[in-house]
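The values are calculated or read from the model by the stated rules, or taken from the named source; none is laboratory data. This is a predicted model, so every value here is computed, not measured. Ideal geometry is used to build each Cβ from the backbone, glycine not excepted, and the neighbour counts take in all protein chains shown. Quick note on the areas: whole protein, heavy atoms, side chains included, nothing else; ligands and nucleic acids left out. Shrake-Rupley method; radii C 1.70, N 1.55, O 1.52, S 1.80 Å.
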Amino acid sequence: MRQKIFILMGLFASYTAIAQVGVGTENPEKGFEVEGSVRFRNLEEGDLKTFNREVLMNKEGELGYLEIESDRSYFVKMLSHEMENKVVLDKTDENKDLFLNIDLELLPNTISIFEIHYNVPFYFQTLNKNSYQEETLVSAVGVRLMKKQVNLDRDYVNVIDGNRSLSIISEYERAYPDFEFRGSFIEGMSIQEVVNDGSELKKISYKLMTYTKDNDGIVHFGSHADQHEGVGRILVKVYHKPYYGETHKK
């Protein structure tokens with residue numbers, strides 16, 4: 001009987017040693033435990049349709065997963081770009097590039113949601129009179145949001161719901177001190193949902209352009225003169241969710 005007990009104990013110890021494997025540790029507490037960093041090479045490239053589980057980890061380093069839902073979007077990253085130089089329009093309503101560009105990737109079989117925000121300061125010229133009124137030399141100032149899908153669109157097209165503009169009153173009471181330029185800012189946002197139903201990576205680009213109406217003076221976009229505060233910026237929050245096709249139902 002005692003011999004049988006020893007045999008059973010030996011079998012149990014062997015099973016335990018086989019069931020728990022440790023890398024960098026001699027005393028694994030789980031079936032497979034790694035002490036140190038982990039690196040994978042040559043992972044298979046896929047998309048949210050094929051790889052539909054999100055890996056999670058608790059504070060003890062234990063791994064788990066969360067099933068990716070077909071109607072749920074997942075935050076991926078946030079990108080931003082800041083103006084390096086001001087853009088000046090001198091007696092013209094011509095649209096000019098603000099050099100605020102964001103290039104984004106469209107993953108295969110994925111719906112990309114881009115939450116686009118921008119804030120661009122501007123300064124416009126006024127005529128000072130001897131009275132308590134100033135006359136503005138522009139009637140409207142704005143920013144236009146443009147987009148271009150690489151290898152699909154020849155040129156940028158306007159995203160109408162991303163446009164913003166301010167009407168400038170022709171005359172108003174002069175403020176103290178007496179400035180040649182008055183300033184404000186244009187703030188806008190747009191949510192874009194773009195589907196990549198193919199198996200290859202695609203790219204899309206967004207940028208901002210100026211807009212003025214009845215400009216008979218000078219309008220600065222971005223920092224004015226030697227000032228460096230109030231620089232224009234565009235910011236994009238990127239979300240992804242899997243694309244299952246038009247007929248897919250959860």
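For SER223, the requirement of being out of contact with any helix residue (DSSP H, G or I) (no Cβ under 6 Å at 6 or more places or on another chain), more than 28 Å from TYR123 (Cβ to Cβ) and at pLDDT below 95 is not met. Has the stretch 121-138 got any residue that is at pLDDT 95 or above and open to solvent by 40 Å² or more (accessible area, probe 1.4 Å)? No, the conditions are met nowhere in the stretch 121-138. Quickly run through the stretch 226-241 and pick out the residues that are modelled with pLDDT under 90 and either touching a helix residue (DSSP H, G or I) at 6+ places or on another chain (Cβ under 7 Å) or part of a strand (DSSP E or B) (or both). The one that is modelled with pLDDT under 90 and either touching a helix residue (DSSP H, G or I) at 6+ places or on another chain (Cβ under 7 Å) or part of a strand (DSSP E or B) (or both): LYS241. One residue stands out in the stretch 61-119 among those that are in contact with a Leu (Cβ under 6 Å, 6 or more places away or on another chain) and of a type in the set (Gly, Ala, Ser): the one that is most open to solvent (accessible area, probe 1.4 Å), namely SER80. Only residues that are in contact (Cβ under 8 Å) with a residue 60 or more places away in the chain, among the charged types (D, E, K, R) and open to solvent by less than 60 Å² (accessible area, probe 1.4 Å) were counted in the stretch 161-189, giving 0. Among the conditions (1) modelled with pLDDT of 85 or more; (2) open to solvent by 40 Å² or more (accessible area, probe 1.4 Å); (3) assigned to a loop (DSSP other than H, G, I, E, B), the only one that GLY198 does not satisfy is (2). Has the stretch 146-160 got any residue that is among the acidic types (Asp, Glu), over 14 Å from ILE204 (Cα atoms) and open to solvent by less than 70 Å² (accessible area, probe 1.4 Å)? No, the stretch 146-160 contains no residue that is among the acidic types (Asp, Glu), over 14 Å from ILE204 (Cα atoms) and open to solvent by less than 70 Å² (accessible area, probe 1.4 Å).
Here TYR65 clears all of (1) more than 25 Å from the chain's Cα centre (by Cα); (2) at pLDDT 85 or above except the condition numbered (2).
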